[in-house]
Amino acid sequence: MTPLRPMLGAATVGMVVVLSAGCGRDAPVVSVGGASSLYPLSEAIAEDFAGERPDARITVVASGSAGGFRRLCAGEVDITGASRPISTAESERCRVAGIRYLGVPIARDGIAIVANRANTAVQCLTLDELRRLWEPSGGVATWRDLRPAYPSEEIRLFGPGPGSGTFDAFTRVVMGRPGASRADYYQTEADNLIAHGVAGNRWALGYFGSAAFAAHRDRLRTIEVDTGFGCVRPTVEAVSAGAYSPLSRDLYIYVAYSTLKRADVFEFARYYIVAAERLSALAGYVPLPSAEYVRSRALLAGARGAAP
């Protein structure tokens, strides 16, 4: 594959929504950051919350799971979304900074492998073929390199970069260890840029959280994945039933104990957990069992009581 110039700056620019409903400029702001995979849900919940709370001021920024954890540990964000659990190193960074946090699961989704709608030659890929496509050696350059029956067209790859929890989850499952990946592909934390790149090249391939696919289904289609039990698409039904495993995962929110002393942060975090059960399916995610949300609300209340 011809080396490709990565998309620079997308991870730091991210996506931002600022919600303000009839309040003064000096009103406190609840800041939400983290995984682009959770951005659609965070945005929907923030809009819902702002519609009910006239004084709410909320910012939602997508900067990747790693970027969200960095900001949480630096005290720069109140709540962060993540498409993977916090790592040992990230947890230690928070401890050194004196930041205690609570993390709770909020929904599930799959990692969708997406192709241009005009590419009808490729319908299903095995985990081994995905590994060959993305392995660090970068040995696969054309579709025919992957399978003799495929066209001899160059593959253009798009996907999240190392700061993304989706990248970590994908490489852990496909490559066997987080972070193992070829580097000659277009990297960005913004799902819409991945979709734009794949839509612009008939022979391109990319991946991102399955909840983001609905916004791009007119230009893209999902590739089925065969994990050894037949070809499966990352539909809500397949993820919910476990049929898309191991390319499915829990999504989380993390909140700093110290910010829970603020009534606006606590109320929004509690609302997020309550609304996620109701809105996650509408936004393309798989809701968790009701008992999980009940447990998370109890943990949140306990964390507020333990806040310094």
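The values are calculated or read from the model by the stated rules, or taken from the named source; none is laboratory data. Here the structure is a predicted model, which means the values were calculated and not measured. So basically every Cβ, Gly included, is an ideal-geometry build from the backbone, and we count neighbours across all protein chains shown.
Of the helices (runs of 4 or more DSSP H) entirely within region 64-161, those holding at least 1 residues that are within 18 Å of Tyr207 (Cβ to Cβ) and not assigned by TED's automatic domain parsing to the domain that holds Pro287 occupy 127-134, 143-146. Counting only residues that are in contact with a Gly (Cβ under 6 Å, 6 or more places away or on another chain) and assigned to a helix (DSSP H, G or I), region 235-273 holds 1 of them.
Evaluate the following for Ala291: is it without any contact (Cβ under 8 Å) to a residue 60 or more places away in the chain, over 19 Å from Gly34 (Cα atoms), out of contact with any Pro (no Cβ under 8 Å at 6 or more places or on another chain) and assigned to a loop (DSSP other than H, G, I, E, B)? Spelling it out, it is not the case that Ala291 is without any contact (Cβ under 8 Å) to a residue 60 or more places away in the chain, over 19 Å from Gly34 (Cα atoms), out of contact with any Pro (no Cβ under 8 Å at 6 or more places or on another chain) and assigned to a loop (DSSP other than H, G, I, E, B). Note on region 185-204: among residues that are in contact with a helix residue (DSSP H, G or I) (Cβ under 6 Å, 6 or more places away or on another chain) and at pLDDT below 95, the one that is farthest from Leu38 (Cα to Cα) is Thr188. Can you name the residue in region 196-219 that is surrounded by fewer than 22 Cβ atoms within 10 Å (Cβ to Cβ) and of a type in the set (A, V, I, L, M) and is also farthest from the chain's Cα centre (by Cα) among such residues? Restricting to residues being surrounded by fewer than 22 Cβ atoms within 10 Å (Cβ to Cβ) and of a type in the set (A, V, I, L, M), the top hit is Ala199. Report every pair of residues separated by at least 6 positions or lying on different chains whose Cβ atoms are under 8 Å apart, first residue within region 187-205 and more than 18 Å from Thr166 (Cα to Cα) and in the same structural domain as Tyr150 (by TED's automatic domain parsing), second in a helix (DSSP H, G or I) and among the small types (Gly, Ala, Ser). Pairs that qualify, where the first residue is more than 18 Å from Thr166 (Cα to Cα) and in the same structural domain as Tyr150 (by TED's automatic domain parsing) and the partner is in a helix (DSSP H, G or I) and among the small types (Gly, Ala, Ser), are Ala204/Gly197.
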